[in-house]
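Note sheet for the following structure.
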Amino acid sequence: MYFVDRSVAVIKPKQAFLDWLNAVPGNDMVDLTLDSLRSDCTVILLPEFNEPEEAVAHIDEQYEQLFKIEVASWYDDEDLWPKDMSLKAFWEWFDVEIHSTVLDTVDADISNTPASEL
């Protein structure tokens, strides 16, 4: 195993995100629950931090891209996206868990692919 010189954040949808999904016109998906939305969440790598507040400040700097990634994973039509995608809305729509220890259990190089710009 290898220690990775990063921290991680887990982005977990809250009720407001589920409410938005259920309110999208023509949404005929299976019934979603908050538990199902929170069972397989986006995890992002962060720089290593000494204090959790530093990680939160980093999330604040990245929130717009993160918000867009989360809503685009459901609908790529921006007309269906929420109108308020402010920093305040981000924290109302998502819980963010910060974790300081990252271990790599694979003895192989990590490959990185750039995320598309939204």
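The values are calculated or read from the model by the stated rules, or taken from the named source; none is laboratory data. What you are looking at is a predicted structure, and each value in this text was computed from that prediction instead of being measured. Cβ: placed from backbone, ideal geometry, glycine included. Neighbour counts: every protein chain shown. Areas reflect the complete protein model, heavy atoms only, side chains present, ligands, DNA and RNA absent. Shrake-Rupley method; radii C 1.70, N 1.55, O 1.52, S 1.80 Å.
Multiplying the residue separation of SER36 and GLU48 by 0.36 nm and subtracting their alpha-carbon distance yields 1.4 nm.
Name all residues of the range 1-23 having a backbone nitrogen under 19 Å from the label point set 7 Å from the Cα of ASP107 along its Cα→Cβ direction, giving them as ranges. Under cut-off, by backbone N: 1-4.
Along the axis of the charge dipole computed for the chain (Cβ charges of +1 for Lys and Arg, -1 for Asp and Glu, origin at the Cα centre), the listed residues TRP81, TRP20, PHE67 are led at the positive end by TRP20.
Computed over the alpha-carbon pairs of the range 6-70, the distance histogram in 5 Å steps reads 4, 14, 23, 21, 16, 11, 7, 4, 1, 0 percent, short to long. With all protein chains in place and a 1.4 Å probe, the accessible surface of the chain carries 49 percent carbon and sulfur.
When +1 charges are put on Lys and Arg Cβ atoms and -1 charges on Asp and Glu Cβ atoms, the dipole computed for the chain relative to its Cα centre reaches about 200 debye. The alpha carbon centroids of the range 51-118 and the range 1-34 are separated by 10 Å. So what's the angle, to the nearest 10 degrees on a 0 to 90 scale, between helix 52-72 and the longest Cα principal axis of the chain? The angle comes out near 40 degrees.
Excluding same-chain neighbours fewer than eight residues apart, the lysines reachable from LYS83 by a Cα-Cα span under 18 Å are LYS14, LYS68. Beyond 21 Å, the tail of the calculated P(r) for the chain holds 45 percent of the Cα pairs.
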